[in-house]
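A.B. asks: First the structure, then my questions, so here it is.
The values are calculated or read from the model by the stated rules, or taken from the named source; none is laboratory data. Note that the structure is predicted; figures quoted are calculated from it, not measured. Virtual Cβ from ideal backbone geometry, glycine too; neighbours counted across all protein chains shown. Just so you know, the surface numbers come from the protein's heavy atoms only, side chains and all, with ligands and any DNA or RNA stripped out. Shrake-Rupley method; radii C 1.70, N 1.55, O 1.52, S 1.80 Å.
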Amino acid sequence: MGKKKVPDLYRAPFPLYSVKVDPDTGLVIIAGGGGASKTGIKNAVHFLDLQLVGEYQHSASLLHSHDTDTRATMNMAVGKGVIAAGQDGTCCLMQFKQCTQKEAKDANKDGKSKQQGNARLRAGKGDKCGQDGVTPSGNMSDMKDETIHISVTASAEVQSDLNPQDPLQKVVRFSPDQSLLLTGGTDGHIRVWEFPSLKKKFDFKAHEGEIEDLDISPGNKHLVTVGRDFACSVWSGNQLSMSLKWHETMSQIDEKTYRYLACRFGKVEDQKDALRLYTVQIPHKRDRKPPPCYLTKWDGRSLLAMLTAPCGTEVISSLAVSDSGTFLGLGTVTGSVAIYIAFSLQRLYYVHESHGIVVTDLAFLPHSMKGKNIKGNNETALLSVAVDSRCQLHRVARRNPGETLKGLSHQSGVWCKTQTLLLKGYM
């Protein structure tokens, strides 16, 4: 019997490196490309319309394709009406909005470059709108002006990595209040800009070698960074506050046998003032018998370790936290996707090699949206993208309150092993 996989939600005509969900509109935004190589593979950002089909299933269609010229978007952050996209050693800012065709035409007439602070303002190329992955051709003026489109304007860019050999931005974040834009790259520097003015606030060497990930807590109190130098550092502004030592709770693990890969802050459901930090640790070197990767949960205020648990022997490539703080998503370099319960760090859902190649990014659908339910009657739903150009949606169906989850449960045609627990135990 063949290996079962989750059906593709959408397939792009280029490798995918990033996926985000706009919490205001429910738009799914995916990005990637073939880079500067002349292979004919385009570089673009796609805006998808996600529709609920029945109570549990979804469909997606292409609303808009924004061409990014010769630069592939490798990572991005989405704020209110703005995308910060990592393209080579540059962070490119793009404004987007839902609009009528007339408004879209007016937006694309703005073609002059300007200067603001230390950021260069850019005019975007003409965009393409379509449905079901097909870009329309012919006379676009025949379409009604009232038709809703996505208008995208490439507005500014900042230099986010200064590696002299191969500059590459590896991570970008908006602060929770969107007052700051933060980037990290291969030169080991963290750069922080005030937003939207793009006035540089900090530029400091945080790690020896590449930055792997960063996140900032609500209120902008703690900035956490992880690098390939085995360090997970906590910063107050540009001053080092402390270094986290996950291995100190695991006496059998030597300090430099593992390195940090990812870090994310998350809420605690039904506890307004509580905060958690989650980190992923992967083996520094691979053995013939692969050692496990680990998840660690930290108190987000005191930054004391609360719980560490193994999360399989496949090397983790990406981490996501649901907006409610209830679930964690993990992707692997071999294309597997898993969903964990944040409270217990127990695995709830798993699909082996769903993509068959490295999972580059993950994003949960919003737990709730004003005036729109895109999650359906699912407990949670996780988007995954990979270099195979596929975007998939992994669902955990909602059960009656208090119903026991045990044994094997069937999700989206895939058997996933779960732990025996009550829903109330992890809500």
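A.B. asks: Where the accessible area of region 324-394 is counted over protein heavy atoms with a 1.4 Å probe, how much of it, in %, is carbon and sulfur?
C.D. replies: That fraction is 54 percent.
A.B. asks: Considering only Cα-Cα distances, which of the following residue pairs are longer than 26 Å: Lys272/Lys372; Lys80/Lys272; Lys199/Lys256; Lys80/Lys221? Walk me through the numbers on the way to the answer.
C.D. replies: On the way: Lys272/Lys372 24 Å; Lys80/Lys272 23 Å; Lys199/Lys256 37 Å; Lys80/Lys221 21 Å.
As for pairs spanning more than 26 Å Cα to Cα, those are Lys199/Lys256.
A.B. asks: How many angstrom lie between the C-alpha centres of region 35-58 and region 297-364?
C.D. replies: What the calculation gives is 23 Å, centre to centre.
A.B. asks: Can I ask one more? If r is the Cβ-Cβ distance from Asp287 to Lys199 and R0 is 41 Å, what FRET efficiency results, to the nearest 0.05?
C.D. replies: Plugging the Cβ-Cβ distance into 1/(1 + (r/R0)^6) gives 0.30.
A.B. asks: How many angstrom lie between the Cα centre of region 150-223 and the Cα centre of region 79-93?
C.D. replies: Cα centres, region 150-223 to region 79-93: 10 Å.
A.B. asks: Further, regarding this structure: Tell me the net charge near Ile29. Cut-off is 10 Å between Cβ atoms, Ile29 excluded, with +1 for each Lys or Arg and -1 for each Asp or Glu.
C.D. replies: With Lys, Arg at +1 and Asp, Glu at -1, the net is 0.
A.B. asks: Kindly identify region 275-341 as rounded, prolate or oblate by the Cα gyration tensor criterion: order the square roots of the eigenvalues as a ≥ b ≥ c, call it rounded if a/c is under 1.5, otherwise compare a/b with b/c, prolate if a/b is larger, else oblate.
C.D. replies: oblate
A.B. asks: What FRET efficiency comes out for the pair Ile357/Asp67, r = Cβ-Cβ distance, R0 = 30 Å, nearest 0.05?
C.D. replies: Computed FRET efficiency for Ile357 and Asp67 comes out at 0.75.
A.B. asks: In Å², what does the accessible area per residue of region 221-348 work out to with a 1.4 Å probe? Before the final figure, lay out the partial values.
C.D. replies: On the way: 5570 Å² over 128 residues.
With all protein chains present, region 221-348 gives 44 Å² per residue.
A.B. asks: Then there's this: Run the dipole for region 183-264 about the Cα centre, Lys and Arg Cβ at +1, Asp and Glu Cβ at -1, nothing else charged, and hand back the magnitude in debye, nearest 20.
C.D. replies: The dipole magnitude comes to about 320 debye.
A.B. asks: Rounded to the nearest angstrom and ordered from largest down, what semi-axes does the equivalent ellipsoid of region 1-91 get from its C-alpha gyration tensor (root of 5λ)?
C.D. replies: Numbers: eigenvalues 120, 69, 24 Å².
Square roots of five times the eigenvalues give 25, 19, 11 Å.
A.B. asks: Further, regarding this structure: If the label point is 7 Å along Cα→Cβ of Glu55, which residues in region 365-388 have backbone nitrogen under 12 Å from it?
C.D. replies: In region 365-388, the label zone of Glu55 (backbone N under 12 Å from the point 7 Å along Cα→Cβ) covers 376-379.
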